[in-house]
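J.: Questions regarding the structure given below will be posed in turn.
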Amino acid sequence: MPHDNTMRILACLHDLNLLVELMDAVRSYPNVSLCALSSLPTNVKSVDIMNVDVCLLDYEEDGQLVFSFVYSLNHLHGCNIPILILSKEERAVIRAAGMTSKTSYICAPYTAEEILNELLVKGMKHQQRTVIIGYSSKVSQIIQELGIPLHYNGFRFIKSAAIMIYQCDGQILSMVQLYKEIARIHKTTSSRVEKAIRDAIEYAYRAKESLKIDGRKPTNSQFVHYVYEHALNEADKVDRG
């Protein structure tokens, strides 16, 4: 049985090859559990019973059936689980995808890894935890102590990254996906996020040569995780106190 912090994905796909590829991709994420079905559940209540965080449906299997299932899940049953729909053509799913902000779609061509990334982002948002007392302020404090000024864009992006990692219980999808989410929140591009964080680290490294990991300037990933872990430890102390 998956532990409480596991992200649970329900995937209903008739394409068995894609299903196998998705299952293989999920193995790289120890805190992700995939419930794979070759067809839609006969009863929407079973989705609640499975306690899933996000659903993946294949519109090409039976568009009308998928539409009915999504409608029942969102409107009749009152379920708030995010849904990702696979489709070969965008127009085919506009009707279903527009029903609720929790429903979106991804159009072919796509890979199992691309699908999984979208599912993880949607699932992460669904299972977000409330930030513990003092965590956000501790993040800001640590970033400043490491030598990054408040007015740097990298400061804001590093803070967002540390909070996102906390919200998914330390399980990070990938730096590429993290950049994408930060860019969406701050209304910029992933490349600008990556560069701003890199430039901020470079600034801090020049100011403090002691800022090293394994004798070298930290990478974006190493720096962000350092901030996350130290802020979490400090916030836990405050919370317990």
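No lab work stands behind these numbers, since they all come straight from the coordinates. All of these numbers come straight from a predicted model, not from anything done at the bench. Methodologically, a virtual Cβ is constructed for each residue, glycine included, from the backbone with ideal geometry; neighbour enumeration extends over all protein chains shown.
J.: For a Förster distance of 41 Å, can you work out the FRET efficiency between the beta-carbons of residue 213 and residue 111, rounded to the nearest 0.05?
T.: Between residue 213 and residue 111 the formula returns 0.80.
J.: Hey, which lysines would be in cross-link range of residue 138, C-alpha to C-alpha under 28 Å, not counting anything within fewer than 8 residues on its own chain?
T.: Partners found: 122, 125, 159, 180, 187, 195, 208, 212, 217, 237.
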